[in-house]
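Asks: I'd like to ask some things about the structure below.
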Amino acid sequence: MKINESEPFENGANPKQEQLGKFTTDNNGEFLTTDQGLKINDDQNSLKTGERGATLLEDFILREKITHFDHERIPERIVHARGSGAHGVFELYKPMGKYTKAKFLNNTSIKTPVFARFSTVAGFRGSTDVPRDVRGFAVKFYTEEGNYDLVGNNMPVFFIQDATKFPDLVHAVKPEPHNEIPQAASAHDTFWDFISLMPEAMHNVMWLMSDRAIPRSLRTMEGFGIHTFRFINDEGKSHFVKFHWKPKQGVLGLAWDEAQRIAGKDTDFHRRDLWEAIDEGHFPEWELGVQIVPQEDEHKYPFDLLDPTKLIPEEIIPVEIIGKMTLNRNPDNFFAETEQIAFHPGHLVPGIDFTNDPLLQGRLFSYTDTQISRLGGPNFHEIPINKSIPEVTNNQRDGMHRMQIVKGKVSYNPNSMGGGCPFQAKIAEGGFNSFEERIDSKKIRMRSNSFFDHFSQPELFYKSMTDNEKRHIQNAFSFELGKVKIVPIRQRMVNMLLEIDEGLAKIVGDNLGLIPAKLPQPITGSIPADGNLEHYHSFKEKLTIKDAPSLSMSNKLVNDIKARRIALITANGVNDEAFTKIKKGLCDLDAMVAVIAPKHGFVTTKSGDQYPIDESLLTAASVVFDAVYVAGGDDLKTLLGNADALHFVAEAFKHCKPIACDSDAKEFLQKAIPKIKLPAKGVSTNGKLEDFVKDIQQHRFWDRENNPVVPA
Ligand code: HDD
């Protein structure tokens, strides 16, 4: 497909969508056929010897249908099996030519089609959306120079420094092999056994114990490329770069108790949320940011840029925002698109390159390799969702499920019979050439001493949290380690926490009935070559900042309530004016409002008008909403006597959510949370939209957890 360089999206056309359109079918109005296009006359009965007779082998229609069904499943991803995705577009704010020659990062009039897939890591394909886990954040840019994949996570660091430990990490966190328990959870012996022997994992573990690991929505997570990559400009000059995705919806988390309940009430919570938001036109947006480090500053910092367990604090190098991704179209078919998409950190375009980060280097092997078994052969790039926009013209041939029909005799290079085609491209013609890095060293299995700072950044992370965030981390460690059955593992973990923060170690230790002790001998796993544990500690003094507000989610709220989900509970006899005013007010601010009443159907207002309800108290759960408003009226006693309604509000209070009501419903609210003197922080009873909206912007009133009044 040819692309007009200046205006690739002329008249709103989207080359990726056009390409997918060629493979998209619609059965509407069509006859039922076999896979060979033969029209089927009877799809209800197999071919038999008489009405009650045995089925005939001859029934090719039956055999085809059942054979295809028998082979419908493919292996799920070994990690990140559970995921949800959407199409969108990336728009550049400013040309980045000073740093990179990548075309999609140079021309602000280019709109690059993207597909983003978000995932949990440990759970199987059908597991819950809300375990405590890292989330994958993978974006495929369909650029005019080929596909560029940014395959990151919602946390800026990783658990291990070297790819050779990845199978060990994954074996440890996945369900235990003898009984395949637990599903989608790190709270078990093997994970913590491994972690307690891997100090390098502690930074990512701190993020994992924070609310980042229980995001409110896929739309409210940051994304990070994690590794340091390179930007290469037209002159061949390299700058180091770290990538960030900043959600315009803010960065929001769940309460842990809430996440566990959602796992039962709506396993598809995040998938549904993303789908519905896009379906209803609340397109989620993320800005792309970069942290750029000049090549000559490689060794300027007290952390190694090649170490994926370290971040560059934004307080040291600010994030420069360069563009925006908007997800604006749901897939037509989950399997064809979200399941079959194949990401790979090695899908590059000229202007972006790797560094020697040993984790990244190992990834470069793994991703193509895994697709070969997952997608059944080496031609997965021909699956429509994986196809690049530029035509693929090379000498690769054959293999399972080959689609492309390449004409001619020649499939080798050099050749004279094919006129030398396909030609190699010169650099000026867009040919990719790897950054020429001078390397002069021995071949060794070792890590640099600059990799043995395992505790200074976890300490910085913990110090940068608010008191509420710290409490969540303490509780998360206590919960997870409480699920560990082997006491020496718990003890090793508590000892490890002592290296990060004494208070944290003591609180967790106390909850587990243990006293933290100084790390004894070097721990197996990652030990400096000289066995000197001092390396663990020598970095702390060098870290110039003692507090990094950019790490705290509390600093990442936004001033709007776009796409927050509000439950509007009501019953017959509701006051028309109060009800319509609050509903309209919230909808005008782009919130997603669901009217909930005791039963399905309609509510009849005081004046006799009827409003359709979206959900009934028979099916609705407070845990899937961000805030609750109760609209009262004449028939308040219906709600006063409805245990589900009372539980709904009490549970929302327990999970620190904003609650509001009009004056007609105050009595109900008081009955739901009898120990709270109303109005209270985050609970307004005056029916004023502005007060409720301010509270929703706040997201949660975590202070309530200090004095819990609602039993479990
Ligand atoms: Fe990986 C999938 C992210 C390290 C091997 N990885 C996968 C996905 C994401 C990440 C988001 C899902 C992509 C999708 O939606 O299809 N992985 C990361 C990040 C890492 C990382 C941010 C560290 C910074 N991964 C990593 C290592 C290895 C792998 C070190 C192996 C040496 N990852 C894989 C894989 C997967 C994968 C086995 C499974 C399915 C797939 O690739 O397509 O190859």
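The values are calculated or read from the model by the stated rules, or taken from the named source; none is laboratory data. Note that this is a predicted model, so its numbers are computed, not measured. All Cβ positions, even for glycine, are placed from backbone atoms using ideal geometry, and neighbour counts span all protein chains on display. The accessibility values were calculated without ligands, DNA or RNA, using every heavy atom of the protein model including side chains. Shrake-Rupley method; radii C 1.70, N 1.55, O 1.52, S 1.80 Å.
Asks: Being open to solvent by 30 Å² or more (accessible area, probe 1.4 Å) and either away from the ligand (no atom under 16 Å from the Cβ) or outside any loop (DSSP other than H, G, I, E, B) (or both) is the filter here, so list the residues in region 130-175 that pass it.
Replies: Scanning region 130-175 gives Glu144, Glu145, Thr164, Lys165, Phe166, Pro167, Asp168, His171.
Asks: Test of understanding: among Thr338, Thr309, Thr267, which residue is open to solvent by less than 30 Å² (accessible area, probe 1.4 Å) and either more than 15 Å from the ligand (Cβ to nearest atom) or touching a strand residue (DSSP E or B) at 6+ places or on another chain (Cβ under 6 Å) (or both)?
Replies: That would be Thr338, the only listed residue that is open to solvent by less than 30 Å² (accessible area, probe 1.4 Å) and either more than 15 Å from the ligand (Cβ to nearest atom) or touching a strand residue (DSSP E or B) at 6+ places or on another chain (Cβ under 6 Å) (or both).
Asks: Right, here's the next one. Which of the residues belonging to region 189-214 are open to solvent by less than 10 Å² (accessible area, probe 1.4 Å) and either hydroxyl-bearing (Ser, Thr, Tyr) or over 23 Å from Leu460 (Cα atoms) (or both)?
Replies: Phe191, Ser196, Ser210
Asks: Let me ask something else. Evaluate the following for Arg374: is it more than 30 Å from Asn107 (Cβ to Cβ), within 16 Å of the ligand (Cβ to nearest atom), open to solvent by less than 60 Å² (accessible area, probe 1.4 Å) and modelled with pLDDT of 95 or more?
Replies: Yes: the conditions hold for Arg374.
Asks: Would you be able to say whether some residue in region 315-332 is modelled with pLDDT of 95 or more, in contact with a helix residue (DSSP H, G or I) (Cβ under 9 Å, 6 or more places away or on another chain) and within 12 Å of the ligand (Cβ to nearest atom)?
Replies: Scanning region 315-332, I find no residue that is modelled with pLDDT of 95 or more, in contact with a helix residue (DSSP H, G or I) (Cβ under 9 Å, 6 or more places away or on another chain) and within 12 Å of the ligand (Cβ to nearest atom), so the answer is no.
Asks: Give region 613-645 a look and list any residue that's at pLDDT 90 or above, more than 29 Å from Leu218 (Cα to Cα) and surrounded by fewer than 19 Cβ atoms within 10 Å (Cβ to Cβ), or say none.
Replies: Passing the criteria: Leu640, Gly641, Asn642, Ala643.
Asks: Any chance region 211-222 includes a residue that's modelled with pLDDT of 95 or more and more than 27 Å from Asp149 (Cβ to Cβ)?
Replies: Yes: region 211-222 contains one or more residues that are modelled with pLDDT of 95 or more and more than 27 Å from Asp149 (Cβ to Cβ).
Asks: Using the structure shown, decide if Glu534 is open to solvent by 20 Å² or more (accessible area, probe 1.4 Å), under 30 Å from Ala631 (Cβ atoms) and either at pLDDT 90 or above or among the acidic types (Asp, Glu) (or both).
Replies: no
Asks: Another question, if that's okay. Search region 58-77 for residues that are closer than 25 Å to Lys48 by Cβ and pair each with any residue that is outside any loop (DSSP other than H, G, I, E, B) when their beta-carbon atoms are under 7 Å apart and the residues are at least 6 apart or on different chains.
Replies: What qualifies is Leu62/Thr55.
Asks: So if I check each of Gly264, Gly250, which one is free of Cβ contacts under 8 Å to residues at least 40 places away in the same chain and either assigned to a loop (DSSP other than H, G, I, E, B) or within 21 Å of Arg132 (Cβ to Cβ) (or both)?
Replies: None of the other options fit; the residue is Gly264.
Residues checked against (1) in contact with a His (Cβ under 8 Å, 6 or more places away or on another chain); (2) open to solvent by 10 Å² or more (accessible area, probe 1.4 Å):
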| position | (1), (2) |
| --- | --- |
| Ser450 | no, yes |
| His454 | yes, no |
| Phe461 | yes, no |
| Glu469 | no, yes |
| Ile473 | no, no |
| Phe479 | no, yes |
| Lys485 | no, yes |
| Arg490 | no, yes |
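Asks: I've got another one for you. When you scan region 275-298, do you find a residue that is on the phi > 0 side of the Ramachandran plot and surrounded by fewer than 17 Cβ atoms within 10 Å (Cβ to Cβ), even just one?
Replies: Yes, region 275-298 contains a residue that is on the phi > 0 side of the Ramachandran plot and surrounded by fewer than 17 Cβ atoms within 10 Å (Cβ to Cβ).
Asks: Please enumerate the residues belonging to region 377-403 that are open to solvent by 60 Å² or more (accessible area, probe 1.4 Å) and either within 16 Å of the ligand (Cβ to nearest atom) or more than 20 Å from His71 (Cα to Cα) (or both).
Replies: Correct list: Pro378, His381, Glu391, Thr393, Gln396, Arg397, Asp398.
Asks: Still on this model: Take the residues in region 355-371 that are near the ligand (Cβ under 8 Å from one of its atoms) and touching a strand residue (DSSP E or B) at 6+ places or on another chain (Cβ under 9 Å); name whichever of them is farthest from Asp307 (Cα to Cα).
Replies: The extreme case among them is Tyr367.
Asks: When only residues in region 347-365 that are outside any loop (DSSP other than H, G, I, E, B) and open to solvent by 50 Å² or more (accessible area, probe 1.4 Å) count, which is nearest to Lys242 (Cα to Cα)?
Replies: Applying the filter and picking the extreme gives Gln361.
Asks: Further question: Would you check which residues across region 72-102 are more than 16 Å from the ligand (Cβ to nearest atom) and open to solvent by less than 30 Å² (accessible area, probe 1.4 Å) and list them?
Replies: Within region 72-102, Val89, Phe90, Leu92, Met96, Thr100, Ala102 qualify.
Asks: If the requirement is being farther than 26 Å from Leu306 by Cβ and modelled with pLDDT of 95 or more, which of these qualifies: Phe141, Phe158, Phe137, Phe124?
Replies: Step by step, each of Phe141, Phe158, Phe137, Phe124 is checked, and only Phe124 is farther than 26 Å from Leu306 by Cβ and modelled with pLDDT of 95 or more.
Asks: Scan region 505-514 and tell me whether some residue there is of a type outside the set (Ser, Thr, Tyr), surrounded by 15 or more Cβ atoms within 10 Å (Cβ to Cβ), in a loop (DSSP other than H, G, I, E, B) and at pLDDT below 95.
Replies: No, every residue in region 505-514 fails to be of a type outside the set (Ser, Thr, Tyr), surrounded by 15 or more Cβ atoms within 10 Å (Cβ to Cβ), in a loop (DSSP other than H, G, I, E, B) and at pLDDT below 95.
Asks: Got a sec? Which helices (runs of 4 or more DSSP H) wholly within region 404-499 have at least 2 residues that are outside the structural domain of Lys101 (by TED's automatic domain parsing), without any contact (Cβ under 8 Å) to a residue 24 or more places away in the chain and touching a Leu at 6+ places or on another chain (Cβ under 6 Å)?
Replies: Passing ranges, in order: 487-498.
Asks: Another question, then. How many residues does region 602-651 hold that are in a loop (DSSP other than H, G, I, E, B), touching a strand residue (DSSP E or B) at 6+ places or on another chain (Cβ under 7 Å) and of a type outside the set (Phe, Trp, Tyr)?
Replies: 8
Asks: Looking only at region 103-129, count every residue that is over 22 Å from Asn204 (Cβ atoms) and either open to solvent by 10 Å² or more (accessible area, probe 1.4 Å) or more than 14 Å from the ligand (Cβ to nearest atom) (or both) and tell me the total.
Replies: 13
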